[in-house]
Amino acid sequence: MSAALNGAILVSVAGGVLSLDRTAAFQVMVSRPIVTAPVIGWLLGHPEWGLVAGAALELLLIGDLPVGRYVPVHETSLAALVTGMVVAALEAMGASDGYAGLRSEMTVLPLAILMAFPASRVFQKADIITRKMNARLFETAAVSVEGGGAALIRNNLKGAAFFLVTNTVALLLTAVPLMLGASYFFTRFALRPFTAAFAGLLLAGAGAAAWSVTTDKSAYVFGVSAAAAGALLTWLAL
């Protein structure tokens, strides 16, 4: 349990730092799941598990874009959380690196994503709150322009600090229970028959990515296609 707890703290801090790349600083795309998840996996000692998780999440969320005033799902925090859950579960199951470990990940990953998706609302709300706080800070920054560059830099750093703190706290509040829960849940249920659900997850991701370009109902498309494809492929595998 202590290993999962230490991992949750590491995931929260690293995820908070990587999330700055979304809007607050840098913006060199390290906040995308395809980068964030392998980095989190590497920090936890399993970069290849993070790579698979990041590829699946990138496919799922690639069409969720910040158009107009819409605030998309916080893909960075979600990728960090899912990777942390996968690593915690597989380590508790005694999985090792290599082909055997990846087969075990195919069992855990789709369920971890489904368990983590409700937490994405927490990240999204935290993001909205931070943006509102920074909107007020913008007025102070505009006034500070007359006071010189030092005052302007301080206000910009405050804005980045708001994002760092809120994202880290939101991750910590979700990562601790979900990573501890994953390390407990996945070791006490027979999940081997659900290996084929990983293929269903990828099919659902492809459908969601395609549909999100033309409709705002991608969440419903994901749910229905994931359930149908996962159930069908699992039935065929039995």
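FYI, it's all coordinate maths here, none of it is from the lab. These numbers were taken from a predicted model, which means no experiment stands behind them. Counting neighbours? That spans all protein chains shown, and the Cβs are built from the backbone with ideal geometry, glycine included.
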Obtain the nm distance between the two label points defined at ARG121 and TYR70 by a simple spin-label model: each point lies 7 Å from its Cα along the Cα-to-C-beta direction. 1.9
For LEU172 and ALA25 in the same chain, what is the full-extension length gain: residue separation times 0.36 nm, less their Cα-Cα distance, in nm? 50.8 nm
By per-residue mean of other Cβ atoms within 10 Å, what is the highest-first order of 118-131, 169-182? 169-182, 118-131
Fewest to most neighbouring Cβ within 10 Å: what's the order for TRP42, TRP49? TRP42, TRP49
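Could you line up SER19, SER183, SER96 from fewest to most neighbouring Cβ atoms inside 10 Å? Write down the numbers at each step before the final one.
On the way: SER19 30, SER183 23, SER96 11.
Placing the least packed residue first, the sequence is SER96, SER183, SER19.
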